[in-house]
Amino acid sequence: QVQLVESGGGLVQPGGSLGLSCAASGINFRFAVMGWYRQALGNQRELVGTVTSGGSINYADSVKGRFTINRDNAKNTVYLQMNSLKSEDSAVYYCNAKLFGVNFWGQGTQVTVSS
């Protein structure tokens, strides 16, 4: 079955950086649109960024210029590099794979930005 396993979350101070990884298995990774979403306590899940199979990237306005998403098809892995973190970036971050209209989700990893 499809598995998306996130890693790299944790506690970081405001202005700091953190990198997340998502390893995918059981899916034809190179054809999937891969993305990162986040959900803060009491809020709806929201888009952070996506990267298509062709490498086109889309970011939420709130993270443009600070976050970078990329994928490695050889490793079936998508990454999210987060710089200049703010307290409002605190959330559970979820990896998403979309293939032929079907969404798959990871279990999520907590990112907390606090001094």
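Which FRET efficiency, nearest 0.05, do Gln3 and Ser115 yield, Cβ-Cβ r, R0 25 Å?
For R0 = 25 Å, the calculated efficiency reads 0.10.
Determine the sum of side-chain charges near Phe31: Lys and Arg each +1, Asp and Glu each -1, restricted to other residues whose C-beta is under 14 angstrom from that of Phe31.
Taking every other residue near Phe31 into account, the sum is +3.
Taking the highest mean first, how do the peptides 5-13, 38-46 order by number of other beta carbon atoms within 10 angstrom per residue?
5-13, 38-46
How would you rank 55-62, 95-102, highest first, on the average number of other Cβ atoms within 10 Å across their residues?
Working: 55-62: 12.2, 95-102: 15.5.
Packing proxy ranking, top to bottom: 95-102, 55-62.
Only the coordinates and a few stated rules stand behind these numbers; no lab work does. Keep in mind the model is a prediction, meaning the values are calculated, not measured. Glycine gets a Cβ as well: all are built from the backbone with ideal geometry, and neighbour counts include every protein chain shown.
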